[in-house]
1. For the structure I just gave you, tell me whether residue 119 is closer than 29 Å to residue 176 by Cβ and at pLDDT below 95.
2. What number of residues in region 23-44 are in a helix (DSSP H, G or I) and under 23 Å from residue 133 (Cβ atoms)?
3. Can you tell me which residue is surrounded by the fewest Cβ atoms within 10 Å (Cβ to Cβ) among those in region 91-122 that are within 13 Å of the chain's Cα centre (by Cα) and over 14 Å from residue 36 (Cα atoms)?
4. Condition first: out of contact with any helix residue (DSSP H, G or I) (no Cβ under 7 Å at 6 or more places or on another chain) and either surrounded by 16 or more Cβ atoms within 10 Å (Cβ to Cβ) or under 26 Å from residue 97 (Cα atoms) (or both). Now tell me which residues in region 151-169 satisfy that.
5. Hey, which of the helices (runs of 4 or more DSSP H) in region 140-194, taking only ones fully inside, have at least 2 residues that are in contact (Cβ under 8 Å) with a residue 60 or more places away in the chain?
6. Given the options 110, 128, 147, 151, name the one that is farther than 18 Å from residue 87 by Cα and at pLDDT 95 or above.
7. Which of the residues belonging to region 45-77 are in a helix (DSSP H, G or I) and modelled with pLDDT under 95?
8. Between 133, 93, 109, 125, which is part of a helix (DSSP H, G or I) and touching a strand residue (DSSP E or B) at 6+ places or on another chain (Cβ under 8 Å)?
């Protein structure tokens, strides 16, 4: 089972080989896939194996923001709860889909399409995610560009500050209520019916 998952995970390397995100030589080794899971599946993330439904997102910004909105009652969660998993970027979403399938864990996916950037690469990544759909994939959706554009806010100047930047904008009421409502609807549409 693991060999198949690791082989399927390697498909991203073909997409990225002629881009600025090209894989390192050791990324081409299937053994590296096991190492990646070892590093990623910390005690908090292992909670996904006990969840009835997972929402796979690109990174910590989405995870922090969506959990905040759930906590505030702005997003209604499905019966049985939800686990929001930060995949460390869209390049890893297919890896987590491949991992969830043998465990029969239902999931949906939400990611940035990044239309304004290297379109060919991002469409190929979308195609890889679409081709990784399995019987436990409920729905897939994306932001045309990115989360910040969807919310109508500027990006943080430093990527590691994105989660705190978005929460700060909410706390300062600098995100339109209508944008937050559209976001809540987008997320709720990814959940199975209660």
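1. Numbers: closer than 29 Å to residue 176 by Cβ: yes; at pLDDT below 95: yes.
Considered against the rule, which asks whether it is closer than 29 Å to residue 176 by Cβ and at pLDDT below 95, residue 119 comes out as yes.
2. If we filter region 23-44 for residues that are in a helix (DSSP H, G or I), which is where we start, we get 25-28, 30-40.
Add one more test, that the residue is under 23 Å from residue 133 (Cβ atoms), and what stays is 30, 33, 36-37, 40.
Residues meeting the conditions: 5.
3. So in region 91-122, the residues within 13 Å of the chain's Cα centre (by Cα) come out as 91-97, 107-113.
Subsequent filtering for residues that are over 14 Å from residue 36 (Cα atoms) retains 97, 107-113.
Working: 97: 27, 107: 26, 108: 20, 109: 27, 110: 23, 111: 25, 112: 23, 113: 18.
Per the criteria, the residue is 113.
4. The answer is 159, 160, 165, 169.
5. Values: elements: 147-151, 162-171, 177-188.
Per the criteria, 162-171, 177-188.
6. Details: 110 fails: farther than 18 Å from residue 87 by Cα; 128 fails: farther than 18 Å from residue 87 by Cα; 147 fails: farther than 18 Å from residue 87 by Cα.
Residue meeting the stated conditions: 151.
7. Keep residues of region 45-77 that are in a helix (DSSP H, G or I), which gives 45-50, 60-71.
The answer is 45, 46, 47, 48, 49, 50.
8. Numbers: 133 fails: part of a helix (DSSP H, G or I); 109 fails: part of a helix (DSSP H, G or I); 125 fails: touching a strand residue (DSSP E or B) at 6+ places or on another chain (Cβ under 8 Å).
Result of the check over 133, 93, 109, 125: 93.
The values are calculated or read from the model by the stated rules, or taken from the named source; none is laboratory data. Nothing here was measured: the structure is a model prediction, and the numbers come from that model. Quick reminder, even Gly has a Cβ in these numbers, built from the backbone with ideal geometry, and neighbours come from all protein chains shown.
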